[in-house]
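Some notes on the structure that comes next.
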Amino acid sequence: MDQNQIQQITDRISHKLESKGVSPDRQSITDKLSSYINEFGVVPYEAERKVLSDQMRLFDIPEDDVSSAPSSVPEGGVYSLSDIQPGEWVTVEVKVVSLQTPSSPSISQTGVLADSSGAVRFVVFSKASEIPPLELEQWYRIESAVVDSFREVPSLKLHSGSRVTPITDDRSLMPAPPVALSELTPGVAASVQVKFVEEWEARSDRILQTGLVADGSGKMKFILWKDEGREKLTLGSVYNIFYASVDTFGGRLSLTLNSGVWMEDEDTEIAVPVVAPAPKGDLPVTSVRDLHVGYVTVQVKFVEEWESRSERMLQTGLLGDETGRIKFVLWKDDTKEKLVPGKVYLIKNAKVAEYNGRLSLSLNSAEYLVVDGADDMVVQGAAPSSPLPVTNIRDLSVGFASLHVKFVEEWESRSERMLQTGLLGDETGRIKFVLWKDDTKEKLEPGRVYHITNAKVDEYNGRLSVVLNSAVYEADDPAADIAVGTVLDSYAGTIVQISGGSGLVKRCPVEGCNRVLSRQNFCPIHEIQNNYNYDLRIKAVLDDGQKAYNVLMGREVTEALTGMTMDQAIDLASESPLGLEEVQAQFTEKLCGRYVRCFGNDFEGRILVKSAEFIHLDPSVTAELMNRAGSVSGGEINE
């Protein structure tokens, strides 16, 4: 448990004692809590009860005068769902408010549990055969459940060591007050009050309804999958929605309603306008740069056709004018015909939608016709007509680029439409490429070096990739080679923090898993694993004075930098009362405040360190700098 959480318990104990006219030693309370919880693994509420009881005896306060149970943990050690933290083993008393079909044979049951403070997803593993199936609308006392977190979404895991007991007394569940959409986090939304403001066309046969809901704080996408007994929402109505799942994709949150229940609220109005249906009259022409969600008329050139990724899609690609480009989609419809690449069209009353922060045009509601004599329209960002100079992979950006690269790794295609995919590399890095099936294109040969001219560079979820269908590529001489990825970036600065999860860690031994286990040897996927594998690593923050970097060092770099081998770390942990935390503590003592130069590459916001070395400052330079700093006050430092 981290220091902030321990401090909160210290504050609760101190306030109870101070209310009785005594002045407790807060530091002593904190030290005892830290020892019980972090050194000896005592459950937090038991540690709080023990320390409070000891303090009451110290000050001769009758135990009846102050409840020995923590204020946030009722008598019996039952946690409120709003108070549970990842990594804890907890006891909760909850109601099953939703059950869903498990997505894996290793899971026997999944759904949503709730109490008056909130709601959380739960999972019962198939191995836990002694746990009876939970029933919808039934209350249960669940003991020794593990609080897990995946992609910042908390959940309760019920395993073979958990105990589930039905609660037979009558209880009512009072949902928590509505939460604003802008304040939602991944997990389960106990309650939201929203208005259905825009309905979108379902792009899958499995979707019953999708669109946007809104409240005074903002808008959010929702999706309702086809499910027996589910009915569509009414556009323009206000709803109270309980226990919907809050999911994240591409950095944006959305609501999935299948786990929840909702009621229309006819007495409440939310002042958010509803997106009107398609207009009956013609709208004025709008440039691509000035488009907005709603309905528009545009005059654009069909600059690039993409292969359809759905059987329901008739055509997709890019349209553009002098101010920019935009994706369009045309769904299969007997009344619609395909557009002709290279032609300029006047498109009336097309629908503009927004997804993941990007606008797109849907043409099914629109009328479009060819504009004669306008094929010479110049489109911003269109493929260049002349070869571009070669760009290093490290310097690529969205658009078009020429590359000199080696085909370093071929991946198995996951789509019948894909001809080839894998990794290309040069001295500065690697990048994924895709080549879609095209009668005019041939596969690349692994291991060969290629000159690729005017390839398209795309970005998805913050990562770049290269599409070769618009490019011209030619192989170099078979003897040609490139030392791929040998150039590493250098990061120099002070290690200001050794983060949690550093030092000696235990990993799941199941093939293909390798996840770090909890203190109780618990894997979020494969449960208790006693035949774990050890590993050594450092997760740290490196500050160069202008920017802080999250760095990750593997076993070899960790051993070289700390001078401690993994075998020595295992011996140290087995002999110390602190266990694994002793290794992290020694790493913190050795490294925090030291100047280090790391060599590695950025991977999704974290520097993967290939090698590292201490920076030893020149004493003469240090003395000169300090003399300059002290010259104002007349001080001087001799070497």
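Confirm whether residue 589 is loosely packed, with under 14 Cβ neighbours inside 10 Å and either of a type in the set (S, T, N, Q) or without any contact (Cβ under 8 Å) to a residue 40 or more places away in the chain (or both). In short, yes.
Considering only the range 557-571, state which residues are assigned to a helix (DSSP H, G or I) and either open to solvent by less than 40 Å² (accessible area, probe 1.4 Å) or closer than 12 Å to residue 502 by Cβ (or both). Across the range 557-571, the qualifying residues are 557, 558, 561, 562, 566, 569. Can you find a residue that is in contact with a Phe, Trp or Tyr (Cβ under 6 Å, 6 or more places away or on another chain), in a loop (DSSP other than H, G, I, E, B) and either at pLDDT below 90 or open to solvent by 30 Å² or more (accessible area, probe 1.4 Å) (or both) anywhere in the range 212-226? Within the range 212-226, not a single residue is in contact with a Phe, Trp or Tyr (Cβ under 6 Å, 6 or more places away or on another chain), in a loop (DSSP other than H, G, I, E, B) and either at pLDDT below 90 or open to solvent by 30 Å² or more (accessible area, probe 1.4 Å) (or both).
Taking the range 347-399 as the range and being in a strand (DSSP E or B), of a type in the set (D, E, K, R) and under 38 Å from the mean Cα position of the chain (by Cα) as the test, the residues that pass are 351, 354, 358. One residue alone among 154, 133, 102, 178 is touching a residue at least 40 places away in the same chain (Cβ under 8 Å), assigned to a loop (DSSP other than H, G, I, E, B) and either touching a strand residue (DSSP E or B) at 6+ places or on another chain (Cβ under 9 Å) or surrounded by 15 or more Cβ atoms within 10 Å (Cβ to Cβ) (or both), and that residue is 178.
In the range 293-310, the residues that are among the small types (Gly, Ala, Ser) reach residues that are modelled with pLDDT of 80 or more and open to solvent by 30 Å² or more (accessible area, probe 1.4 Å) with C-beta atoms within less than 8 angstrom, at least six apart or across chains, in these pairs: 294/351; 308/314. With respect to residue 231, determine if the residue is touching a Phe, Trp or Tyr at 6+ places or on another chain (Cβ under 9 Å) and either open to solvent by 50 Å² or more (accessible area, probe 1.4 Å) or of a type outside the set (Ser, Thr, Tyr) (or both). In short, no.
Here residue 80 fulfils each of the conditions (1) touching a Gly at 6+ places or on another chain (Cβ under 9 Å); (2) open to solvent by 50 Å² or more (accessible area, probe 1.4 Å); (3) not acidic (Asp, Glu) apart from (2). May I ask you to verify whether residue 171 is among the basic types (Lys, Arg), in contact with a strand residue (DSSP E or B) (Cβ under 6 Å, 6 or more places away or on another chain) and either at positive phi or free of Cβ contacts under 8 Å to residues at least 24 places away in the same chain (or both)? In short, no.
The set of residues in the range 344-365 that are surrounded by 15 or more Cβ atoms within 10 Å (Cβ to Cβ) and either without any contact (Cβ under 8 Å) to a residue 60 or more places away in the chain or in contact with an Asp or Glu (Cβ under 6 Å, 6 or more places away or on another chain) (or both) comprises 344, 345, 347, 348, 350, 360, 363, 364. Restricting the range 280-318 to residues that are open to solvent by 70 Å² or more (accessible area, probe 1.4 Å) and in a loop (DSSP other than H, G, I, E, B), the residue that is modelled with the lowest pLDDT is 280.
Against the list (1) open to solvent by less than 30 Å² (accessible area, probe 1.4 Å); (2) at pLDDT below 90; (3) over 18 Å from residue 521 (Cβ atoms), the condition residue 164 fails is (2). Among the residues of the range 126-139, those that are modelled with pLDDT of 85 or more and closer than 12 Å to residue 109 by Cβ comprise 131, 132, 133, 134, 135, 136. No other residue among 67, 104, 53, 19 is modelled with pLDDT under 75 and out of contact with any helix residue (DSSP H, G or I) (no Cβ under 6 Å at 6 or more places or on another chain) apart from 67. Take the conditions open to solvent by 60 Å² or more (accessible area, probe 1.4 Å) and either under 27 Å from residue 191 (Cβ atoms) or among the small types (Gly, Ala, Ser) (or both) and apply them to residue 110. Does it pass? When the stated conditions are applied, residue 110 does not pass them.
Residues in the range 328-343 that are under 24 Å from residue 212 (Cβ atoms) and buried (at least 16 other Cβ atoms within 10 Å of the Cβ): 328, 329, 330, 331. Considering the conditions (1) modelled with pLDDT under 90; (2) part of a loop (DSSP other than H, G, I, E, B); (3) not charged (D, E, K, R), residue 340 is excluded by exactly one of them, (1). Where strands (runs of 3 or more DSSP E) fall wholly inside the range 458-547, the ranges with 2 or more residues that are at pLDDT 85 or above, open to solvent by less than 50 Å² (accessible area, probe 1.4 Å) and farther than 30 Å from residue 303 by Cβ are 489-498, 503-507, 533-543. Out of all the residues in the range 142-149, is one or more of a type in the set (S, T, N, Q), modelled with pLDDT of 85 or more and not in a loop (DSSP other than H, G, I, E, B)? Scanning the range 142-149, I find no residue that is of a type in the set (S, T, N, Q), modelled with pLDDT of 85 or more and not in a loop (DSSP other than H, G, I, E, B), so the answer is no.
Of everything in the range 240-265 that is among the acidic types (Asp, Glu) and assigned to a strand (DSSP E or B), the residue that is surrounded by the most Cβ atoms within 10 Å (Cβ to Cβ) is 247. Residues of the range 439-456 that are open to solvent by less than 60 Å² (accessible area, probe 1.4 Å), modelled with pLDDT under 90 and of a type in the set (Val, Ile, Thr): none at all.
The C-beta contact set for the range 562-581 (first residue closer than 22 Å to residue 593 by Cα, second residue open to solvent by 60 Å² or more (accessible area, probe 1.4 Å) and not polar (S, T, N, Q), distance under 6 angstrom, 6+ apart or interchain) comprises 562/590.
The values are calculated or read from the model by the stated rules, or taken from the named source; none is laboratory data. Keep in mind that this is a model prediction, so the values were computed, not measured. Cβ: placed from backbone, ideal geometry, glycine included. Neighbour counts: every protein chain shown. Areas reflect the complete protein model, heavy atoms only, side chains present, ligands, DNA and RNA absent. Shrake-Rupley method; radii C 1.70, N 1.55, O 1.52, S 1.80 Å.
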